[in-house]
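Student: Sharing a structure below in C-alpha cells format, with a few things to ask.
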Amino acid sequence: MNIGWLTLLLLLPFVGAVATMLVPKAKALTAKQVALGFSLVTLVLTAIVAVGYHRNGGEEYAETHTWIKAFGAHYALGLDGVGIVLVVLTALLTPIVLIASWNDAQHGRWSEKSFFAWILGLEALSIGVFSATDVFLFYVLFEATLIPMYFLIGGFGGPQRSYAAVKFLLYSLLGGLLMLASVVGLYVISAKAGEPSYLLSDLMKLDISQNTERWLFLGFFFAFAVKAPMVPFHTWLPDAAGEATPGTSVLLVGILDKIGTFGMIRFCLGLFPNASEWATPVVLVLALISVLYGALLAIGQTDIKRLIAYTSISHFGFIVMGIFALTSQGLTGSTLYMFNHGLSTAALFLVAGYLISRRGSARIADYGGVEKVAPVLAGTFLFAGLSSLALPGLSPFISEFMVLAGTFSRHKVIAVIAVLGIVLAALYILLMYQRTMTGPVRDGIEKLKDLNAREVLAIAPLVVLIIGLGIFPKPVVDIIKPAVDETMQRVGVTDKAPQIPVTEGQK
Amino acid sequence: MSAMLLPLADFTAPKIEYNELAPLLVVFGAACVGVLVEAFLPRPLRHLVQLAITVVAVVVSGVLTGILMNGKKELLAAQGAISVDGPALFTWLILLALSLISVLLFAERSIDGGLSAFAGQAAAVPGSEAEREGTAARIEHTEIFPLTLFAVGGMMLFAASNDLLVLFVALEVFSLPLYLLCGLARRRRLISQEAAMKYFLLGAFSSAFLLFGIALLYGYAGTMSLGGIADALSSDTGSDTILLAGTGLLGVGLLFKVGGVPFHSWTPDVYQGAPTPVTGFMAACTKIAAFVGLMRVFYVALGGSRWDWAPMMWIIAILTMVVGSIVAITQTDVKRMLAYSSIAHAGFLLTAFVGLAQAGSGVHNGITSTQAVLFYLVSYGFPTIGAFAVVTLVRDAGGEATHLSRWAGLGKKSPLLAGIFAFFLLSFAGIPLTAGFTGKWAVFSAAWTGGAWPLVVVAVLSSLVAAFFYVRVIVLMFFSDLPADAPDVALPGWQTTSAVALGLAATVVLGLVPGPVLDLAARAGEFIR
C-alpha cells in the first residue's frame, strides 16, 4: 500500500505555505487560520503514520524514485525509529508555535502571513530531512532549511536580527559546505565501486579505506557539530535564539538543531562506523565541555532568551555524549532526549516569550515578583524550568538518566563529571526563577496580565506530554529501540555485560 | 614547363561538410545580411528587420544544431580544421540559447524612455550638441545586431576549432565585435569607452601571447592541427623548451578570455563600463566559448603533457577561486561584484578542468570533466544573464543605479524583482534546489574523481566566502530600510521580461531536475581529434 504517505506529509505544509501567501494582505487573520489549519492536518496525518508504524526495525513507508541518474541521487524517503520520533516532534511543535506566536509577527519587517508561511515551509523541509534515506536528498534539504530560518530570524526578530541571521547562515554554510566535500567524496567512492548511488542502503555496503573513512566522517561530523551546536562551534546559537521571536527560537533549537544529532546517528554512525569509534574519545570530551561550559555560561547570562539558548548547548552536550557512548542505553536515551528536549525547551521559550512580550524586555534584572501578579504564568514557567532541569517524574529526567547510565557503563570518568551538569542545571533554572518570579514586585510588573486562553492552549499539550512521558515513556522507547539496535549492530559494538547481573529473585 | 603545371592538375577543391557546418554558416550568413540591411534599408525599418533576422538566424541555427546532435554524427569538418563533435554541438546549443536571451535584452527599448541601452551615435563626443540632437531624433545603432551575430559565430567557431590557426581567427572574430559593443553604452559613455579601450588593449596583448604560443607549438610539432600536436607529443620528437614555452603562452591567451587570475584584471572594468546587456552576454557566452576552447586545446593537443601543465593549472585554479571570492567582498558596485563573482566561478570551473576525469580511463563510472564543465556552463550562464537583466531595471535619473548602496530596501519597493535577484544570487552561492548547486556538485565531483580533492576543499571554502557577499546583497535588499531617494524600478518590456523569465525558469529547472541536461552533456562525450 504505497500511496506515498511521507511525500504527502512533506507536501502538505508546503502547499499550506503557498496557500497562506495567496491570501490577500488585508486578511491577515484568514491567512493565519489557513496556516494553522494546514499544520493541524499535517499533525493528524503524522499521527496516523505514527500509529501505523510497526516497530519491526528497518525503514517503513519507504518510497524510492530515481531523481538525478548521473549523480546517483534518488528521491528516497523512509522512517526508522529515530526518524519517526523527530517527524512527530516537528509536526507537534509547528501548530503549537503557530498558536503561541499568533501575534508575534505584527512588528516584523514583512507581513504576518509571510511569517506563518515561512514556518510551514520550514516544517515541510524538516520532515523531509528526517525521512530522507538518500544522502544527496538529505544534503539538499539540510541546506534548504537554512533559507526559511534565515528569513524568520532576519525578518521578525529583535534589533540585532540582521547580524544574527547572517551569523547563523554563515556558520551553517561553513559546516554544510565541508559536508558537501564529504558528500562528493562518497560519490566518487561509490562510482569507483560500480554504479554511483547515494542510497543509504547502497552506501553502507561500500568498502571504504580507513583513512578516507576518517576524512569523510570529519566532514559530516563538523557540519552536525555546528548544527547541534557543540562547543566550540556554538556561538551562533545564543545570538540567533536571542534575537529571533520565541516561536522561531523553538523551531531553531527544538527542531532544526536536532538535525545535527539526528545526522550523527544516521550518517556518522551509519556510514562511518569505524571512524565513529575512532573519534569517540575526542567527541566525548567535546560533549562534556559542552555540558559544563554551556551550563556555566547559562548561569552568567542576564538575558532570558540567551540563558535558555545556553541551557540548550548544555543539553545538546548530553545528547551527543549518549550517542557516542555507543551503548544501546545511551543511544536510546539520546533519541528520547531529542524528543523531550524539544518539548521542554519549547515550553521554556514560549513561556519566556509570553513574559517578555508583556514587559518588552528580555533582561532578567527588569523582572521580580511576577508570581504575585501573574501566578499562572509563573507556575508554567516553573514547570517548564523544572522539566528542563530534569526533575524526576517529568520526561527529560528519564532520557537524561538513560544517557548518563549508558555513558557510565563504558566511560565512567566522563559520566561522573557530566553529572555535575545536572547540578548546574538546577542552579541556572532556579536562579532565573528566583530572580524573575519571586521577591518584591518590581516597577513595571504591577500591571502584568496573566496568561490568556490562547497562550494556555499552546502550552497545555506540552505540559500533558511532559508529565505523561515522564510517567510512562514505554511507547516512545519501543519505537526507538529497534532502530538503535540496528545502529549498534552496524557499528559492531555490544553492551558491556553488567558486573553484577540481575538474577532471579533468590528464594 | 610541365613541372610547373603539375600542382594545378593535382589540385582538388577542399571538401567542406556543408550539412555539419550549417549552424555556423547560418549565423555568419545572417550577420552578412545584417550588414547589407544596414546599408540599404531606411532607418525606421532597421530595428525590427535586424531583430527579426537575428532571432530567426539564432533559432534556425539552434534547430540545425539540435538535428545534428540527434544524428549523433561526429566528424572533423573542413579538412580537419573544425571538429563537429559532441562537446562542440552542446556548446553551440547553449551559446545560441543564451545569445537569444541576450539579443532580447539588446532589443529592449521601453525601460529608458523608448531608447535602447546603446549610444545613438557612437561617433558623437559625449555630452556634445551632436549627441543631444541624435537622441532627440531617436537615432540608434542597429549595427549591434550583426555585430552580435558575428560574435556568436566566432564563439561557436572558437569552441569547435580543431586547428590553432582557426582558433586564433575565431578568437578575433568574436573579440572585435565585443570590443565595439562594450564602448556603445548610451549612459555613462566615458566609462564605457574607457572599458572598450582597456578591453581592446589588453585583448590585443593576450592575442599576441596566444599567437606567440601558437608559433612556438608549430615550431615544436610542425603542424597547427590539434591532433598533429598530440601525435608529435606522443612520439616526443621536438624540443621540450619550445613545447613548455608554447604551452605557457597559449595558456595565458586562453586564460585571459576565461578570466583566470592573474589574467583577470580586465574583467571588473569592462563588466562595469559595458552596457549591461552586453555585460551579461560577455559574462555568459564569452566564458562558455573560452572554456570549451581551453579544454579542447589542453585535452586534445596537449593531453600528453598534462603532467607539465597540470601543476600550473592547479595554482591558477586556486588563485582564481580565492582572489575572485575575496576581492568580491570589497566591491561596492553590483556590476563589479558580479564580475568578481564570475572570476570565482571560472575558478570552480577550473577545478573540474584540472580534475581530468575522463571517460574510458577505466577508473570510474561517474561524471567526467567535460560533462561537468559543460553542465556548469549551462547552470552558470542562465542565472548570469538573468541577473544582469535585473540590473538594467533598477534605475534613477542617471541611468542604472549600480552602486550597491542604492539597492538598499529594494525588497520593499519591488519584492518580486528583489526576490528574483536574490534567487539568482542564491544560485551563484550554490544553495541547493538551484542550478548553481547542481553545477557546483558536478564540477567538484569531477575534480575529486580526478584526484584533485585538495582543490575541492579550497573550492568549498571559497564558496563560503562567496556566499558571504551574495548574502550581503540579500541583506541589503531585504533587511535595510528604503531610503527616501531610492531608485525606481523600471517597467520592463516583453524583451526583458522574457529574458528574466527564461533565466529564472532555467535556474529552477536545472536545480530541481538537472537529469536531462546532465544526460545531454554526458552524451556529448569527449572531444575528438
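The values are calculated or read from the model by the stated rules, or taken from the named source; none is laboratory data. Fair warning: this is a prediction, and the values are worked out from it, not measured in the lab. We place every Cβ from the backbone using ideal geometry, glycine too, and count neighbours over all the protein chains shown.
Student: Please go through the range B:472-521 and give me each residue that is in contact with a Ser or Thr (Cβ under 7 Å, 6 or more places away or on another chain) and within 24 Å of residue A:70 (Cα to Cα), ordered by number.
Tutor: B:507, B:510, B:511, B:514
Student: What are the residues in the range A:407-437 that are outside any helix (DSSP H, G or I) and either out of contact with any Lys or Arg (no Cβ under 9 Å at 6 or more places or on another chain) or not charged (D, E, K, R) (or both), if any? Even if it seems obvious, please write down each step before you answer.
Tutor: Residues of the range A:407-437 that are outside any helix (DSSP H, G or I), as a first pass: A:409-411.
The answer is A:409, A:411.
Student: Moving on to the next point. Residue A:269 - would you say it is farther than 30 Å from residue A:101 by Cβ and away from chain B (no Cβ under 14 Å)? Break it down into steps so the answer makes sense when it comes.
Tutor: Working: farther than 30 Å from residue A:101 by Cβ: yes; away from chain B (no Cβ under 14 Å): yes.
Spelling it out, residue A:269 is indeed farther than 30 Å from residue A:101 by Cβ and away from chain B (no Cβ under 14 Å).
Student: Restricting attention to the range A:354-389, which residues are surrounded by fewer than 19 Cβ atoms within 10 Å (Cβ to Cβ), under 30 Å from residue A:333 (Cβ atoms) and touching a residue at least 12 places away in the same chain (Cβ under 8 Å)?
Tutor: A:382
Student: So, one more: Could you check how many residues of the range A:202-217 are in contact (Cβ under 8 Å) with a residue 40 or more places away in the chain and more than 28 Å from residue A:64 (Cα to Cα)?
Tutor: So the count comes out to 2.
Student: If the requirement is being touching a residue at least 12 places away in the same chain (Cβ under 8 Å), part of a helix (DSSP H, G or I) and within 14 Å of chain B (Cβ to nearest Cβ), which of these qualifies: A:83, A:121? Quick ask: steps written out before the conclusion?
Tutor: Values: A:83 fails: within 14 Å of chain B (Cβ to nearest Cβ).
Answer to the check: A:121.
Student: Quick check, is residue A:346 over 17 Å from residue A:452 (Cβ atoms) and under 18 Å from the mean Cα position of the chain (by Cα)?
Tutor: Working: over 17 Å from residue A:452 (Cβ atoms): yes; under 18 Å from the mean Cα position of the chain (by Cα): yes.
Against the criterion (over 17 Å from residue A:452 (Cβ atoms) and under 18 Å from the mean Cα position of the chain (by Cα)), residue A:346 qualifies.
Student: What are the residues in the range B:226-275 that are more than 21 Å from residue B:163 (Cα to Cα) and touching a strand residue (DSSP E or B) at 6+ places or on another chain (Cβ under 8 Å), if any?
Tutor: Correct list: B:272, B:273, B:274, B:275.
Student: Right, next: Can you tell me which residues in the range A:390-403 are touching a residue at least 60 places away in the same chain (Cβ under 8 Å) and either in contact with an Asp or Glu (Cβ under 8 Å, 6 or more places away or on another chain) or part of a helix (DSSP H, G or I) (or both)?
Tutor: A:395, A:396, A:397, A:398, A:399, A:400, A:401, A:402, A:403
Student: Next up: Does residue A:78 satisfy the criteria of being in contact with a Phe, Trp or Tyr (Cβ under 9 Å, 6 or more places away or on another chain) and not in a strand (DSSP E or B)?
Tutor: no
Student: Might you let me know whether the range B:397-405 holds any residue that is on the phi > 0 side of the Ramachandran plot and facing chain A (nearest Cβ under 9 Å)? Steps first, answer last, please.
Tutor: Taking the range B:397-405 as the starting set, the residues that turn out to be on the phi > 0 side of the Ramachandran plot are B:399.
With the extra rule that they be facing chain A (nearest Cβ under 9 Å), the set shrinks to none.
No, the range B:397-405 has no match at all.
Student: Among the residues of the range B:466-492 satisfying the criterion of being more than 28 Å from the chain's Cα centre (by Cα) and more than 18 Å from residue B:416 (Cα to Cα), which is nearest to the other protein chains (Cβ to nearest Cβ)?
Tutor: B:483
Student: Name the one entry in B:525, B:450 that is farther than 29 Å from residue B:109 by Cβ, buried (at least 17 other Cβ atoms within 10 Å of the Cβ), modelled with pLDDT under 90 and within 12 Å of chain A (Cβ to nearest Cβ).
Tutor: Values: B:525 fails: within 12 Å of chain A (Cβ to nearest Cβ).
None of the other options fit; the residue is B:450.
Student: Moving to a separate point now. May I ask you to list pairs of residues, at least six apart or on different chains, whose Cβ atoms are under 8 Å apart, with the first in the range A:232-256 being crowded, with 23+ Cβ neighbours inside 10 Å and the second being acidic (Asp, Glu) and in a helix (DSSP H, G or I)?
Tutor: Pairs that qualify, where the first residue is crowded, with 23+ Cβ neighbours inside 10 Å and the partner is acidic (Asp, Glu) and in a helix (DSSP H, G or I), are A:245/A:104; A:246/A:104; A:247/A:104.
Student: What's the number of the only condition in (1) part of a helix (DSSP H, G or I); (2) in contact with a strand residue (DSSP E or B) (Cβ under 6 Å, 6 or more places away or on another chain) that residue B:52 fails to meet?
Tutor: Residue B:52 satisfies all of (1) part of a helix (DSSP H, G or I); (2) in contact with a strand residue (DSSP E or B) (Cβ under 6 Å, 6 or more places away or on another chain) except (2).
Student: Related question: Just to verify a result, which residue in the range B:453-465, among those that are facing another protein chain (nearest Cβ under 9 Å) and in contact (Cβ under 8 Å) with a residue 60 or more places away in the chain, is farthest from residue B:368 (Cα to Cα)?
Tutor: Going residue by residue through the range B:453-465, those that are facing another protein chain (nearest Cβ under 9 Å) are B:453, B:456-457, B:459-461, B:463-464.
From what's left, in contact (Cβ under 8 Å) with a residue 60 or more places away in the chain: B:456, B:459, B:463.
Details: B:456: 15, B:459: 18, B:463: 22 Å.
Here the residue is B:463.
Student: Condition first: over 17 Å from residue A:102 (Cβ atoms) and part of a helix (DSSP H, G or I). Now tell me which residues in the range A:18-41 satisfy that.
Tutor: In the first step, residues of the range A:18-41 are kept if they are over 17 Å from residue A:102 (Cβ atoms); the result is A:18-19, A:21-22, A:24-26, A:41.
A:18, A:19, A:21, A:22, A:41, listed by residue number.
Student: Among the residues of the range A:426-433, is any farther than 15 Å from residue A:304 by Cβ and out of contact with any Cys (no Cβ under 9 Å at 6 or more places or on another chain)? Write out each step before concluding.
Tutor: Initial filter on the range A:426-433 (farther than 15 Å from residue A:304 by Cβ): A:426-427.
In the following step, the residues that additionally are out of contact with any Cys (no Cβ under 9 Å at 6 or more places or on another chain) were identified as A:426-427.
Yes, the range A:426-433 contains a residue that is farther than 15 Å from residue A:304 by Cβ and out of contact with any Cys (no Cβ under 9 Å at 6 or more places or on another chain).
Student: Do we have residue B:429 as hydrophobic (A, V, I, L, M, F, W, C), over 30 Å from residue A:137 (Cβ atoms) and at pLDDT below 95 here?
Tutor: Working: hydrophobic (A, V, I, L, M, F, W, C): yes; over 30 Å from residue A:137 (Cβ atoms): no; at pLDDT below 95: yes.
Spelling it out, it is not the case that residue B:429 is hydrophobic (A, V, I, L, M, F, W, C), over 30 Å from residue A:137 (Cβ atoms) and at pLDDT below 95.
Student: In the range A:60-75, which residue that is within 12 Å of chain B (Cβ to nearest Cβ) and of a type in the set (Phe, Trp, Tyr) is surrounded by the fewest Cβ atoms within 10 Å (Cβ to Cβ)? Don't jump to the end; show me each part of the working.
Tutor: Quick first cut of the range A:60-75, residues within 12 Å of chain B (Cβ to nearest Cβ) only: A:65-75.
Filter once more, keeping what is of a type in the set (Phe, Trp, Tyr): A:67, A:71, A:75.
Numbers: A:67: 20, A:71: 24, A:75: 17.
Only one residue tops the list, namely A:75.
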